Amino acid sequence: FWALTLMTVAGEFLVPRWLKRYCPGYDARRMVMSLLGAAHSPVRRLYNGWLLWLGCFLTAAAFVLYRQARRSSAPLALLLGASVLVFAWGAGLLAGLFSIGETKRMETRAAKLHGYGAALGFMALLAFPLLSGLLARRQGEWGATVFDGLAFALALLFFILFVCADKPRFERTAVAYEGLWQRLALLCMYLPLVRRAVAALLSSL
(Lines give C-alpha, C1' and ligand atoms only; values in the text may rest on other atoms or scores of the structure.)
Protein backbone atom coordinates (compact mmCIF):
# COMPACT_ATOMS: atom_id res chain seq x y z
CA PHE A 1 0.00 0.00 0.00
CA TRP A 2 2.67 2.53 0.97
CA ALA A 3 4.78 1.73 -2.10
CA LEU A 4 1.67 2.32 -4.21
CA THR A 5 1.14 5.59 -2.34
CA LEU A 6 4.59 6.82 -3.37
CA MET A 7 4.02 5.75 -6.97
CA THR A 8 0.66 7.53 -7.05
CA VAL A 9 2.10 10.76 -5.66
CA ALA A 10 4.93 10.58 -8.19
CA GLY A 11 2.39 9.96 -10.93
CA GLU A 12 0.56 13.14 -9.98
CA PHE A 13 3.50 15.04 -11.47
CA LEU A 14 4.99 12.56 -13.95
CA VAL A 15 1.75 11.80 -15.80
CA PRO A 16 1.13 15.48 -16.75
CA ARG A 17 4.80 15.83 -17.68
CA TRP A 18 4.49 12.88 -20.05
CA LEU A 19 1.11 13.88 -21.52
CA LYS A 20 2.12 17.47 -22.25
CA ARG A 21 4.33 16.17 -25.09
CA TYR A 22 1.17 15.34 -27.01
CA CYS A 23 -0.54 18.70 -26.39
CA PRO A 24 0.90 21.34 -28.75
CA GLY A 25 0.90 24.76 -27.15
CA TYR A 26 0.55 23.47 -23.60
CA ASP A 27 2.85 25.43 -21.25
CA ALA A 28 3.23 23.66 -17.90
CA ARG A 29 4.52 26.83 -16.25
CA ARG A 30 1.44 28.89 -17.09
CA MET A 31 -1.34 26.33 -17.53
CA VAL A 32 -3.09 24.29 -14.87
CA MET A 33 -2.98 20.51 -15.07
CA SER A 34 -6.74 20.28 -15.61
CA LEU A 35 -6.35 21.67 -19.12
CA LEU A 36 -4.80 18.35 -20.11
CA GLY A 37 -8.24 16.85 -19.58
CA ALA A 38 -10.17 19.64 -21.30
CA ALA A 39 -12.72 18.85 -23.98
CA HIS A 40 -10.34 19.84 -26.81
CA SER A 41 -7.28 18.04 -25.42
CA PRO A 42 -5.89 15.10 -27.44
CA VAL A 43 -4.99 13.36 -24.16
CA ARG A 44 -8.30 14.02 -22.45
CA ARG A 45 -9.22 10.37 -21.88
CA LEU A 46 -5.80 9.48 -20.50
CA TYR A 47 -5.61 12.40 -18.08
CA ASN A 48 -9.19 12.06 -16.87
CA GLY A 49 -8.60 8.33 -16.45
CA TRP A 50 -5.62 9.16 -14.27
CA LEU A 51 -7.78 11.49 -12.15
CA LEU A 52 -10.29 8.70 -11.60
CA TRP A 53 -7.51 6.37 -10.43
CA LEU A 54 -6.18 9.13 -8.17
CA GLY A 55 -9.61 9.66 -6.66
CA CYS A 56 -10.17 5.95 -6.04
CA PHE A 57 -6.75 5.35 -4.50
CA LEU A 58 -6.83 8.44 -2.26
CA THR A 59 -10.29 7.44 -1.05
CA ALA A 60 -8.74 4.22 0.24
CA ALA A 61 -5.75 6.15 1.60
CA ALA A 62 -8.06 8.45 3.56
CA PHE A 63 -9.51 5.50 5.48
CA VAL A 64 -6.07 3.99 6.08
CA LEU A 65 -4.82 7.30 7.49
CA TYR A 66 -7.91 7.63 9.69
CA ARG A 67 -7.53 4.13 11.13
CA GLN A 68 -3.87 4.74 11.97
CA ALA A 69 -4.34 8.21 13.41
CA ARG A 70 -7.38 7.50 15.61
CA ARG A 71 -5.12 5.65 18.07
CA SER A 72 -3.59 9.01 18.96
CA SER A 73 -6.51 11.41 18.45
CA ALA A 74 -9.96 10.59 17.09
CA PRO A 75 -10.84 14.23 16.21
CA LEU A 76 -7.53 14.82 14.39
CA ALA A 77 -7.86 11.45 12.67
CA LEU A 78 -11.31 12.39 11.39
CA LEU A 79 -10.11 15.75 10.06
CA LEU A 80 -6.98 14.21 8.54
CA GLY A 81 -8.95 11.54 6.72
CA ALA A 82 -11.61 14.04 5.63
CA SER A 83 -9.03 16.39 4.09
CA VAL A 84 -7.72 13.59 1.85
CA LEU A 85 -11.21 12.24 1.14
CA VAL A 86 -12.60 15.62 0.00
CA PHE A 87 -9.57 16.06 -2.28
CA ALA A 88 -10.02 12.54 -3.65
CA TRP A 89 -13.67 13.14 -4.50
CA GLY A 90 -13.41 16.77 -5.61
CA ALA A 91 -10.07 17.03 -7.43
CA GLY A 92 -9.98 13.35 -8.38
CA LEU A 93 -13.31 11.67 -9.10
CA LEU A 94 -15.44 14.74 -9.84
CA ALA A 95 -12.70 16.43 -11.88
CA GLY A 96 -12.11 13.20 -13.81
CA LEU A 97 -15.77 12.68 -14.64
CA PHE A 98 -16.43 16.26 -15.73
CA SER A 99 -13.96 18.01 -18.00
CA ILE A 100 -12.97 21.65 -17.82
CA GLY A 101 -13.63 23.83 -20.88
CA GLU A 102 -10.99 25.30 -23.16
CA THR A 103 -10.30 27.97 -20.53
CA LYS A 104 -10.77 28.21 -16.77
CA ARG A 105 -14.08 30.06 -17.31
CA MET A 106 -16.90 27.86 -16.03
CA GLU A 107 -19.32 28.21 -18.93
CA THR A 108 -20.88 24.72 -18.87
CA ARG A 109 -22.33 22.53 -16.14
CA ALA A 110 -19.44 20.07 -16.52
CA ALA A 111 -16.89 22.87 -16.21
CA LYS A 112 -18.63 24.19 -13.09
CA LEU A 113 -18.67 20.76 -11.45
CA HIS A 114 -15.00 20.33 -12.34
CA GLY A 115 -14.05 23.79 -11.12
CA TYR A 116 -15.93 23.70 -7.84
CA GLY A 117 -14.85 20.14 -7.11
CA ALA A 118 -11.17 20.86 -7.79
CA ALA A 119 -11.24 24.12 -5.80
CA LEU A 120 -12.88 22.46 -2.78
CA GLY A 121 -10.48 19.54 -3.02
CA PHE A 122 -7.39 21.73 -3.12
CA MET A 123 -8.55 23.78 -0.14
CA ALA A 124 -9.22 20.58 1.82
CA LEU A 125 -5.80 19.10 1.02
CA LEU A 126 -4.15 22.38 2.01
CA ALA A 127 -5.11 21.56 5.61
CA PHE A 128 -3.48 18.12 5.43
CA PRO A 129 0.14 19.18 6.29
CA LEU A 130 -1.12 21.24 9.24
CA LEU A 131 -3.27 18.42 10.58
CA SER A 132 -0.47 15.91 10.03
CA GLY A 133 1.92 18.16 11.94
CA LEU A 134 -0.51 18.50 14.85
CA LEU A 135 -0.88 14.74 14.98
CA ALA A 136 2.90 14.25 14.88
CA ARG A 137 3.24 16.71 17.76
CA ARG A 138 0.67 14.78 19.76
CA GLN A 139 2.68 11.62 19.11
CA GLY A 140 5.90 13.32 20.26
CA GLU A 141 7.54 13.23 16.84
CA TRP A 142 9.15 16.66 16.83
CA GLY A 143 11.15 16.23 13.64
CA ALA A 144 8.00 15.24 11.79
CA THR A 145 6.15 18.17 13.39
CA VAL A 146 8.70 20.66 12.04
CA PHE A 147 8.77 18.97 8.63
CA ASP A 148 4.98 19.06 8.27
CA GLY A 149 4.82 22.63 9.57
CA LEU A 150 7.29 23.81 6.92
CA ALA A 151 5.37 21.87 4.27
CA PHE A 152 2.17 23.65 5.31
CA ALA A 153 3.82 27.11 5.25
CA LEU A 154 5.22 26.52 1.75
CA ALA A 155 1.96 25.00 0.51
CA LEU A 156 0.07 28.06 1.74
CA LEU A 157 2.56 30.42 0.07
CA PHE A 158 2.41 28.61 -3.28
CA PHE A 159 -1.38 28.31 -3.06
CA ILE A 160 -1.69 32.08 -2.59
CA LEU A 161 0.57 32.63 -5.61
CA PHE A 162 -1.56 30.14 -7.57
CA VAL A 163 -4.74 32.03 -6.72
CA CYS A 164 -3.15 35.38 -7.65
CA ALA A 165 -1.61 34.09 -10.90
CA ASP A 166 -4.57 34.79 -13.18
CA LYS A 167 -5.22 38.29 -11.85
CA PRO A 168 -4.68 41.03 -14.48
CA ARG A 169 -2.26 42.98 -12.27
CA PHE A 170 0.20 40.06 -12.28
CA GLU A 171 -0.11 39.23 -15.99
CA ARG A 172 3.43 40.20 -16.96
CA THR A 173 5.18 39.14 -13.77
CA ALA A 174 6.63 35.89 -12.42
CA VAL A 175 3.45 35.48 -10.37
CA ALA A 176 1.63 34.63 -13.62
CA TYR A 177 3.23 31.15 -13.66
CA GLU A 178 -0.03 29.57 -12.58
CA GLY A 179 0.88 26.02 -13.54
CA LEU A 180 4.17 26.17 -11.65
CA TRP A 181 2.55 27.43 -8.43
CA GLN A 182 -0.17 24.81 -8.67
CA ARG A 183 2.38 22.01 -8.93
CA LEU A 184 4.57 23.37 -6.12
CA ALA A 185 1.56 23.85 -3.83
CA LEU A 186 0.39 20.31 -4.54
CA LEU A 187 3.88 18.91 -3.94
CA CYS A 188 4.08 20.57 -0.51
CA MET A 189 0.58 19.32 0.38
CA TYR A 190 1.68 15.78 -0.43
CA LEU A 191 5.01 15.91 1.46
CA PRO A 192 3.61 14.75 4.84
CA LEU A 193 1.96 11.79 3.08
CA VAL A 194 5.28 10.97 1.41
CA ARG A 195 6.99 11.20 4.82
CA ARG A 196 4.49 8.79 6.32
CA ALA A 197 4.84 6.36 3.42
CA VAL A 198 8.65 6.36 3.59
CA ALA A 199 8.60 5.89 7.38
CA ALA A 200 6.17 2.96 7.06
CA LEU A 201 8.31 1.30 4.37
CA LEU A 202 11.51 1.74 6.36
CA SER A 203 9.91 0.31 9.51
CA SER A 204 8.91 -2.80 7.60
CA LEU A 205 12.47 -3.59 6.50
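The values are calculated or read from the model by the stated rules, or taken from the named source; none is laboratory data. No experiment lies behind these values; they were computed from the predicted model shown. Note that each Cβ is placed from the backbone with ideal geometry, even for glycine, and that neighbours are counted across all protein chains shown. When the accessible area is computed, the model is the full protein with side chains, heavy atoms only, and any ligands, DNA or RNA have been set aside. Shrake-Rupley method; radii C 1.70, N 1.55, O 1.52, S 1.80 Å.
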Quote the relative contact order of the chain in percent (integer), defining contacts as alpha-carbon pairs under 8 Å separated by 6+ residues.
21 percent
Please compute the Cα-Cα pair-distance distribution of segment 36-78 with 10 Å bins starting at 0, giving whole percents from short to long.
28, 28, 21, 17, 6
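What is the local net charge at Val43, summed over the other residues whose Cβ is closer than 11 Å to its Cβ (Lys, Arg +1; Asp, Glu -1)? If you can, show how the numbers build up before the last one.
Numbers: positive: Lys20, Arg21, Arg44, Arg45; negative: none.
Local net charge: +4.
Carbon and sulfur atoms: what percent of the 1.4 Å accessible area of segment 70-201 do they account for? Spell out each step's value before the answer.
Working: 4720 of 6820 Å².
The C+S portion of the solvent-accessible surface of segment 70-201 is 69 percent.
Given only helices, namely DSSP H runs of n ≥ 4 each adding -39500 (n - 2.57), what is the per-residue ellipticity at 222 nm of the chain, to the nearest 500 deg cm²/dmol? Before the final figure, lay out the partial values.
Numbers: 7 runs with 136 residues, N = 205.
Computed ellipticity for the chain at 222 nm equals -22500 deg cm²/dmol.
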May I have the pair-distance distribution P(r) for segment 110-187, computed from all Cα-Cα distances with 5 Å bins from 0 and rounded to whole percent?
3, 16, 19, 19, 17, 12, 7, 5, 2, 0
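How long are the three semi-axes of the equivalent ellipsoid for the chain, computed from the Cα gyration tensor as the root of 5 times each eigenvalue, in whole Å, largest first? Working shown, then result.
On the way: eigenvalues 175, 68, 47 Å².
Ellipsoid half-lengths, sorted descending, are 30, 18, 15 Å.
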Per residue solvent-accessible surface (Å²) - segment 17-88, probe of 1.4 Å:
53 Å²
Would you mind counting up the charge near Leu76? Only other residues with Cβ under 15 Å from its Cβ, with Lys and Arg at +1 and Asp and Glu at -1.
+4
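Relative contact order for segment 1-69: what is it in percent, counting Cα pairs under 8 Å that are at least 6 residues apart?
Numbers: 31 pairs, mean separation 17.6, N = 69.
In percent, rounded to a whole number, it is 26.
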In nm², the average projected area of the convex hull spanned by the Cα atoms of segment 64-141 is 5.4 nm²
Karplus-derived 3J(HN,Hα), 6.51/-1.76/1.60, for each residue of segment 19-28, Hz, glycine and proline x:
5, 5, 4, 9, 10, x, x, 7, 10, 4
Average accessible surface area per residue within segment 138-205, 1.4 Å rolling probe, Å²
57 Å²
Table column - 3J(HN,Hα) (Hz), segment 110-116, Karplus curve with 6.51, -1.76, 1.60, x for Gly and Pro:
4, 5, 5, 4, 4, x, 5
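Counting residues in segment 9-118 as N, plug N into 2.2 N^0.38 Å and put the Cα Rg over that result. Provide the component values of the computation, followed by the final result.
Working: Rg = 15.5 Å, N = 110, 2.2 N^0.38 = 13.1 Å.
For segment 9-118, the normalised Cα radius of gyration comes out at 1.18.
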Considering only protein heavy atoms, with the full assembly of protein chains and a 1.4 angstrom probe, order Thr5, Thr108 by accessible area, largest first.
Thr108, Thr5
